[in-house]
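Below: the structure, in structure tokens.
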Ligand code: SF4
């Protein structure tokens, strides 16, 4: 979502006449788009902001903006910590910065309509719903990004058509809880309806969406994903824990048996579907036995990808206010490492099954002399080729596999 926000802000600034600086030291305006989902992300942004103090002293004309989730209602505290920063803007509250740029007129002042992001890759992010109503007890998102607000389907359709005209082949529909799309709109369209609408856009070849919530993913959506040819067989479905008590303390709204049933329904409706999940280890009160249940869930389901994070209390959340962060850091690290080791073995075996097979790759760019792209099931694939391939669908024969990527030759 932050990448999408950055893209949209960059597009708006470009429309005001700005150009991307090739080196940050050469910029007139520096923008840090922050994330506050974990303490480590906030610490990184704070470190960068502090490092800019000297530059600001040397260059009084330099403007610095901190935007994104770190900016909450307590702006005074941020102003005290970072007096050299000129703008503090919450997610989607970029308007004052745009106005300032226009007024400096660096710049033309034609009518402002939020433009679709500039496409620099064949895969584009399209936010469809902002914010979250779920209030999982550990999560800062509803406090920083507010309640759910869906964009009208026709507006999304228009943006997707514009993106395709600029070269996008794939769109990734984004939302903190994408499955609840549309409930706040007058005609209450749902995600299934939106996917059906976008599936008919000529020139668009792939559609993905993330992130889903296990309590909101219904049969209608599963059937729609199975039916539509452009919607990829790839579902991101955070489990967070394999233990019912921990799930309850997290406020997730489902139990492990329901999660397992949902996975079974997905696998039966969408053969070969690739599954990714998110897991938090070291949640307050998580015992070794409860952590073991998370490992068992991962072993049983065998996800293609697992994103694992150690619990980090976020000030203002229910968990930070009322639960004691009692799992020591070293133990959290150990559990995190255990999940990573387990997943490495599982992903290694899943990917090894693709050895010798032909896969279809949407090429996204070039890295270290090789083209890279993704399959419909989100596998990262590298292959050498002398001709320009970006944006093409290429058939690749897989010759080597690892837990993280596939290597092959184009056919
Ligand atoms: S559903 Fe996701 S974004 Fe919403 S509160 Fe829970 S963890 Fe945070």
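The values are calculated or read from the model by the stated rules, or taken from the named source; none is laboratory data. Being a predicted model, the structure only gives us computed values, none of them experimental. As a convention, Cβ positions derive from the backbone with ideal geometry for all residues, glycine included, and neighbour counts pool all protein chains shown.
The residues listed here are 197, 185; of these, the one that is free of Cβ contacts under 8 Å to residues at least 40 places away in the same chain and in the same structural domain as residue 148 (by TED's automatic domain parsing) is 185.
Say whether the condition of being farther than 30 Å from residue 311 by Cβ, touching a strand residue (DSSP E or B) at 6+ places or on another chain (Cβ under 7 Å) and part of a helix (DSSP H, G or I) is met by at least one residue in segment 42-60. Yes, the conditions are met somewhere in segment 42-60. Across segment 224-253, the number of residues qualifying as under 18 Å from residue 210 (Cβ atoms) and touching a residue at least 40 places away in the same chain (Cβ under 8 Å) comes to 12.
Checked against the criterion of being closer than 30 Å to residue 142 by Cβ, assigned by TED's automatic domain parsing to the domain that holds residue 283 and touching a strand residue (DSSP E or B) at 6+ places or on another chain (Cβ under 8 Å), the candidates 312, 329, 322 yield just one match: 329. Can you find even one residue in segment 146-169 that is in contact (Cβ under 8 Å) with a residue 40 or more places away in the chain, within 10 Å of the ligand (Cβ to nearest atom) and either assigned to a loop (DSSP other than H, G, I, E, B) or out of contact with any helix residue (DSSP H, G or I) (no Cβ under 7 Å at 6 or more places or on another chain) (or both)? Within segment 146-169, not a single residue is in contact (Cβ under 8 Å) with a residue 40 or more places away in the chain, within 10 Å of the ligand (Cβ to nearest atom) and either assigned to a loop (DSSP other than H, G, I, E, B) or out of contact with any helix residue (DSSP H, G or I) (no Cβ under 7 Å at 6 or more places or on another chain) (or both). Within segment 314-340, count every residue that is free of Cβ contacts under 8 Å to residues at least 60 places away in the same chain and under 17 Å from residue 288 (Cα atoms). Summing the residues that are free of Cβ contacts under 8 Å to residues at least 60 places away in the same chain and under 17 Å from residue 288 (Cα atoms) in segment 314-340 gives 16. The set of residues from segment 14-41 being out of contact with any strand residue (DSSP E or B) (no Cβ under 8 Å at 6 or more places or on another chain), under 29 Å from residue 128 (Cα atoms) and assigned to a helix (DSSP H, G or I) comprises 14, 15, 39, 40. Taken as a whole, segment 171-180 holds no residue that is surrounded by fewer than 17 Cβ atoms within 10 Å (Cβ to Cβ) and in contact with a strand residue (DSSP E or B) (Cβ under 9 Å, 6 or more places away or on another chain).
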